[in-house]
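A short worksheet on the structure shown next.
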Amino acid sequence: METIFIINALKLVGYGCAAIGPGIGIGIACHGCCTGSARQPELAGRLFTNFIIAAALAEALALLGFVLAFIL
Amino acid sequence: MDPLALVNELVGHLQASFDPAFVFEFGDSGIGMTQYVLWMFIALAITLIIVLVAGRRLTVVPNSKFINMVEYGYQFVRKDMGEGVIGHGYKKHVPLLATLFFFILISNVIGLIPGCKTPTGALSITWALSVVSFVYFNYWGIKTHGGWGYIKSIAPSGLPAPMVPIIWFFEFVSLVIRVLTLAVRLYGNMFAGHMALGIFALMASCFLTSVINGATVLFGGISLVWLIFLVAMYALECLVAFLQAYVFTILSAVYIQLATSSH
């Protein structure tokens, strides 16, 4: 009982750790998108599309962590 | 009565309400229609009604608000995702993109109505949607480059020869993993969002219950704070419902573009 609880808790902690990197990555991507579209507002549409793509690539890591926390 | 004990008692019911319970079942076979599939069919019906009714009454100058709205949505998919992302030869991909966008958007929005379930909050449904997108972009990649050409085009051209197998392997893994990330992103966002809404609503009602049962009036203030959180979270969920439909569709468009472009 006690061991199972600890293992489940460790899965959640592991997922939390896995979310740190993508969080930083998406933050940097969003910063770039915001500053870029503040300097050149006419490019905002394209920048936002690229931001979504970059955020999706970074988010893939967090999602892998989410899946692994479920299935392990 | 301790409100946190009450929450602890009731949180199991909240989790159970997210289970794919059967609406009806053929005997004890385990085959039947779950609540998510029922709501998926309702979302499908609403999508079909909106699009067919608007499609029948198309005129050169849109003359009603409803038709204008549907045309704007279609134009959004066509301009932003079709022309903006896929570029040359985008016209044949617009039907799939528009279908995905409208269906996912209506599924997500349906879940925000209290008492309804969001179909995209079940992993099996998002999995099916992402498999549709995955098969589609691979099919168009093979059709454009031919089978061997498509396999070669996974690795970007212009690499030094010894690096090609390594880069090819990593690109291949990231290609296969797309089917997983598309499905889990949509599912995770919708499921977690609705779970958070449920928890906030449960907290607000449990604190209020304990005030009614004669606890300190201070708990009433806490209940009010949870209610404000709930409203704020609901507003955020309205944004997320649109954003996830947008992200799913635009990523499908990007994958189609990557598969069909010649680099």
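Scanning the range A:29-70 for residues that are charged (D, E, K, R) and either open to solvent by less than 50 Å² (accessible area, probe 1.4 Å) or under 16 Å from the mean Cα position of the chain (by Cα) (or both) yields a single hit, A:Glu59.
Could you pull out the residue among B:Phe200, B:Phe169 that is away from every other protein chain (no Cβ under 12 Å) and in contact with a helix residue (DSSP H, G or I) (Cβ under 7 Å, 6 or more places away or on another chain)? Of B:Phe200, B:Phe169, the one residue that is away from every other protein chain (no Cβ under 12 Å) and in contact with a helix residue (DSSP H, G or I) (Cβ under 7 Å, 6 or more places away or on another chain) is B:Phe200. Restricting the range B:152-164 to residues that are open to solvent by 70 Å² or more (accessible area, probe 1.4 Å) and of a type in the set (Gly, Ala, Ser) leaves a set whose member that is farthest from B:Ser133 (Cα to Cα) is B:Ala161. Here B:Leu224, B:Leu202, B:Leu175, B:Leu236 are screened, and the one residue that is open to solvent by 40 Å² or more (accessible area, probe 1.4 Å), farther than 15 Å from B:Asn108 by Cβ and out of contact with any strand residue (DSSP E or B) (no Cβ under 6 Å at 6 or more places or on another chain) is B:Leu224. Here A:Ile26 fits the description: within 13 Å of another protein chain (Cβ to nearest Cβ), modelled with pLDDT of 85 or more and either within 20 Å of B:Ala183 (Cβ to Cβ) or open to solvent by 40 Å² or more (accessible area, probe 1.4 Å) (or both).
Okay, residues lined up against (1) among the small types (Gly, Ala, Ser); (2) not in a helix (DSSP H, G or I):
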position: B:Tyr36; (1), (2): no, no
position: B:Met40; (1), (2): no, no
position: B:Ala45; (1), (2): yes, no
position: B:Val61; (1), (2): no, yes
position: B:Asn68; (1), (2): no, no
position: B:Gln75; (1), (2): no, no
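For beta carbons closer than 7 Å, sequence separation of 6+ or different chains, a first residue in the range B:210-227 that is at pLDDT 80 or above and aliphatic (A, V, I, L, M) and a second that is part of a helix (DSSP H, G or I) and open to solvent by less than 80 Å² (accessible area, probe 1.4 Å), the qualifying pairs are B:Val211/B:Phe219; B:Val211/B:Gly220; B:Val211/B:Ser223; B:Ile222/B:Phe207; B:Leu227/B:Ala204. Against the criterion of being open to solvent by 50 Å² or more (accessible area, probe 1.4 Å), among the β-branched types (Val, Ile, Thr) and assigned to a helix (DSSP H, G or I), B:Ile167 does not qualify.
Determine whether A:Leu12 is open to solvent by 90 Å² or more (accessible area, probe 1.4 Å) and more than 14 Å from every other protein chain (Cβ to nearest Cβ). So A:Leu12 does not fit the description; no. Just give me the residues in the range B:125-151 being touching a residue at least 12 places away in the same chain (Cβ under 8 Å), surrounded by fewer than 21 Cβ atoms within 10 Å (Cβ to Cβ) and within 12 Å of the chain's Cα centre (by Cα), in sequence order. Across the range B:125-151, the qualifying residue is only B:Trp127. Of the numbered criteria (1) open to solvent by less than 60 Å² (accessible area, probe 1.4 Å); (2) more than 14 Å from every other protein chain (Cβ to nearest Cβ), the one B:Phe191 fails is (2). Looking across the range B:219-263 at every residue that is among the polar types (S, T, N, Q) and within 12 Å of the chain's Cα centre (by Cα), the one that is farthest from B:Gly73 (Cα to Cα) is identified as B:Gln244. If you go through the range B:20-40 and pick out every residue that is of a type in the set (Asp, Glu) and surrounded by 10 or more Cβ atoms within 10 Å (Cβ to Cβ), you end up with 1.
Table: residues versus (1) within 11 Å of chain B (Cβ to nearest Cβ); (2) touching a Leu at 6+ places or on another chain (Cβ under 7 Å); (3) within 21 Å of B:Phe191 (Cα to Cα).
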{"position": "A:Ile7", "(1), (2), (3)": "no, no, no"}
{"position": "A:Gly21", "(1), (2), (3)": "no, yes, no"}
{"position": "A:Gly32", "(1), (2), (3)": "no, no, no"}
{"position": "A:Thr35", "(1), (2), (3)": "no, no, no"}
{"position": "A:Phe48", "(1), (2), (3)": "yes, no, no"}
{"position": "A:Leu63", "(1), (2), (3)": "yes, no, yes"}
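The values are calculated or read from the model by the stated rules, or taken from the named source; none is laboratory data. Please read these numbers as outputs of a predicted model, since none were measured by experiment. Positions of Cβ are backbone-derived with ideal geometry, glycine not excepted, and every protein chain shown enters the neighbour counts. What goes into the accessible areas is simple: the full protein's heavy atoms, side chains included, and nothing from ligands, DNA or RNA. Shrake-Rupley method; radii C 1.70, N 1.55, O 1.52, S 1.80 Å.
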